[in-house]
Amino acid sequence: MRTTVRTEVSCRVGVAGAELRVLVLAADTRGCVGIDLDSGAFVRASYSASPTDSFSSFDVVAGRIAASSLPPDASRPETVSLEEPPIRCGRLSERRAERYIDSLLHPRRGPLLGFAGRAVPYWTLAGDRPSLSIVDIASGPQLRRDAGGYECRFTWQGGRHQYALGDRRLALQLEDAGWPRFSSRDLQRLLGYRVRRLLIVLTPPQEGYCYKVVAALLPGS
């Protein structure tokens, strides 16, 4: 039986000085996106790090929450700032990670992240809905290169979706391979696993709009 899906912005620790333990789903030098292991809620941990400090999906990292005088960002209500880059303290197997992921899968009905299309006006966001979600896909995605980078195409709930790829490290791998298109089978060979889930996140506002992007290609049962 599938666990109940969370559709609201779940509570997580946000007290300055408290330790935050995160199951990483996606990361770059500006921070990571993942799951707060203590509350089971999505979290965006913001920090500055060198390129060599980036983490991989299913790493477990820990850091201290920093005091902040900035108002909450309605486009990313899950965000907390860390005092310094977190420290990697372990890694979960795919099966153990799924215990946390399963309760956060996107509802089977309704548009992705609560709105249709690829973008939403920033001024319409109130910070009361998640800005990221994980979708189960029945068939693997395809990636295609265009002038702006790579686009991820996938089918979900009978509809065809196409969003920019936000995983910069994967984009570099694709560039090294030198192909303009990658089928689901190509991706399986490149990543070493079959892609069954996608992490969809909302970007910060760009000229007044926030966009859906695919932040990570994840395995799944």
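The values are calculated or read from the model by the stated rules, or taken from the named source; none is laboratory data. Predicted model, so just to flag it, every value in this text is computed and none were measured. Note that we place each Cβ from the backbone using ideal geometry, even for glycine, and neighbour counts take in every protein chain shown. Areas reflect the complete protein model, heavy atoms only, side chains present, ligands, DNA and RNA absent. Shrake-Rupley method; radii C 1.70, N 1.55, O 1.52, S 1.80 Å.
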Using alpha carbons only: equivalent-ellipsoid semi-axes of the range 86-181, gyration tensor based, whole Å:
23, 22, 16
Please state, rounded to one decimal and in Å, the Kirkwood hydrodynamic radius that the range 29-146 gives when every pair of distinct Cα atoms enters the mean of 1/r.
16.3
What figure, in Å² to the nearest 10, do you get for the accessible area of T29 with a 1.4 Å probe and non-protein molecules left out?
50
Starting from 0.36 nm per residue, how many nanometres of slack lie between D146 and T124 once their C-alpha separation is accounted for?
5.0 nm
I'd like the Kirkwood hydrodynamic radius of the range 138-221, using the inverse of the mean 1/r over distinct C-alpha pairs, in Å.
13.2
The chain, relative contact order [Cα under 8 Å, separation at least 6], %:
18
Restricting things to alpha carbons, tell me how big the range 79-136 is in terms of Rg and Dmax, in Å.
15.4, 40
Modelled label reach - S56, point 7 Å along Cα→Cβ, the range 93-113 residues with backbone N closer than 18 Å
93-98
Per the 1/(1 + (r/R0)^6) rule, R0 = 35 Å and r from the Cβ atoms of R168 and E83, FRET efficiency to 0.05 is 0.90
Which sequence of W123, W179 reflects their accessible areas, 1.4 Å probe, from the largest down?
W123, W179
